[in-house]
Amino acid sequence: MSKTAASPVVLQTDRGRLEILPALGGAVGRFSWDGREVLRPAPAGTGEVLETGGFPLVPFCNRIRDGRFRFGGRDVVLPPNLAGHPHALHGQGWRGAWTVESAGAAEAVLAFDHPPGAWPWAYRAEQRFRLGADGLRIDLSVTNTGDEPMPAGLGFHPYFPTRPGERLQAGVTGVWMIDADVLPTHHVDGPWGPDWAQGAPTAVSSLIDHCYTGWDGTATLSAPGGPATVLTASPDCRWLHVYSPPGADFICAEPVANRPDPFHGEDSGLRVLAPGETASVWMAVASG
């Protein structure tokens with residue numbers, strides 16, 4: 001039977017430990033492998049999902065300019081959901097409480113049911129967490145539970161702690177440039193700023209909060225003298241959004257199935273789900 005859990009759900013194997021925070025956006029509170037923190041551990045007792053190790057993006061990824069768009073003849077206005085920021089961000093799942101559908105030693109399923117509101121479509125999202133022989137896999141899905149077509153995009157927002165000399169290598173071929181509101185302006189082919197395709201330091205002198213295109217589905221974080229972290233994702237996650245603030249002790253490498261501001265441009269990655277239809281993506285994190 002499903003229930004909302006105020007305390008973490010813990011999965012444990014010989015090598016891995018995962019703590020899930022159902023009441024805090026269905027986020028990851030902690031993921032360690034062989035004793036190493038692979039995702040950023042959340043501070044004890046935090047009530048802010050932005051301080052966790054990662055959270056789901058559903059039913060859209062990144063920003064929608066001013067929270068406004070038109071779909072199916074309907075004008076939609078979403079309220080801001082990040083303090084001091086005018087643009088709707090990452091959907092509703094990360095700001096809601098999830099229910100625990102099942103939990104075992106190495107696998108758990110969480111669900112989030114959204115009734116029509118400012119986002120005028122009903123949907124059900126599910127996350128399946130699994131600790132396997134190689135690491136962690138998270139499957140994320142969304143089902144249109146309403147009676148009319150619904151736009152949908154899915155993704156993940158993991159935070160990786162950085163080590164001295166940390167580098168990111170990711171098979172990307174281009175990037176969306178951004179304006180002062182971190183919304184896309186124009187696309188650039190080839191490398192720009194850190195050349196992630198060749199591998200580049202995660203320590204930066206100016207903000208990186210960009211959506212990279214042509215991603216081949218694999219990204220690797222490595223540091224001298226330590227194991228690598230390998231991120232892989234499903235083919236629908238055609239974009240890798242990288243968030244690396246100057247001076248931060250983390251980097252976000254986010255597999256996403258839609259680019260930022262997806263209602264205001266072509267080839268956005270958004271799908272249109274018929275009533276009863278489901279979209280799904282997955283992400284795997286392994287420590288080498």
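Which of the peptides 120-127, 176-183, 30-37 is most tightly packed, and how do the rest follow, going by the mean number of other Cβ atoms within 10 Å of each residue?
On the way: 120-127: 21.1, 176-183: 14.4, 30-37: 16.5.
Answer by packing, highest mean first, reads 120-127, 30-37, 176-183.
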Of the residues CYS61, PRO41, PHE250, the Cα lying farthest along the dipole of segment 3-287 towards its positive end, which is defined by charges on the beta carbon of Lys, Arg, Asp and Glu, belongs to PRO41
Honestly segment 3-287 on the Cα gyration tensor test (a ≥ b ≥ c root eigenvalues; a/c under 1.5 rounded, otherwise a/b vs b/c for prolate or oblate) is just oblate
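Using packing as a proxy for protection, rank 108-114, 224-230 so that the peptide with the highest average count of other Cβ atoms within 10 Å comes first. Don't skip to the answer; put the middle values down first.
Numbers: 108-114: 20.6, 224-230: 14.7.
Final packing ranking: 108-114, 224-230.
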Quick one: putting +1 on the C-beta of Lys and Arg, -1 on the C-beta of Asp and Glu, what dipole do you get for segment 112-251 around its Cα centre, in Debye to the nearest 20? 440 debye
Between segment 48-113 and segment 201-249, what is the separation of their alpha carbon centroids in Å? 21 Å
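Based on other C-beta atoms within 10 Å, arrange SER141, SER7 from fewest to most.
Values: SER141 19, SER7 9.
In increasing order of surrounding Cβ atoms, one gets SER7, SER141.
Hey, can you rank 16-26, 274-284 by average C-beta count inside 10 Å, highest first? Kindly include the intermediate steps, with their values, before the conclusion.
Details: 16-26: 23.5, 274-284: 16.7.
Put in order of decreasing packing, that is 16-26, 274-284.
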Work out, in µm²/s and without decimals, the Stokes-Einstein translational diffusion coefficient of segment 1-90 at 4 °C, 1.567 mPa s, Rh from Kirkwood over C-alpha pairs. 85 µm²/s
Just want to confirm a number: the relative contact order over the chain, from Cα pairs under 8 angstrom separated by 6+ residues, in percent. 18 percent
Integer Hz, Karplus 6.51/-1.76/1.60 couplings in order for segment 266-271, x for Gly and Pro: 8, 6, 7, x, 5, 9
Can you work out the Karplus-derived ³J(HN,Hα) for every residue in segment 206-220? Use 6.51 cos²θ - 1.76 cosθ + 1.60 with θ = phi - 60°, whole Hz, and x for glycine or proline. 9, 4, 10, 8, 10, 9, 9, 9, x, 5, 8, x, 9, 9, 10
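Treating only the Cβ of Lys, Arg, Asp and Glu as charged (+1, +1, -1, -1), what charge dipole size does the chain show about its Cα centre? Round to the nearest 20 debye. Kindly include the intermediate steps, with their values, before the conclusion.
Working: 21 positive and 30 negative charges, 76 e Å.
Charge dipole, the chain, about its Cα centre: 360 debye, nearest 20.
What FRET efficiency do you get for ASP181 and ALA97 if R0 is 22 Å and r is their Cβ-Cβ distance, rounded to the nearest 0.05? If you can, show how the numbers build up before the last one.
Details: r = 29 Å, r/R0 = 1.32.
The pair ASP181/ALA97 has a calculated efficiency of 0.15.
Each reported figure results from applying straightforward, stated rules to the coordinates on display, with no laboratory input. Source: prediction; values computed, not measured. Don't worry about glycine lacking a Cβ; one is built from the backbone with ideal geometry, like all the others, and counts go over all protein chains shown.
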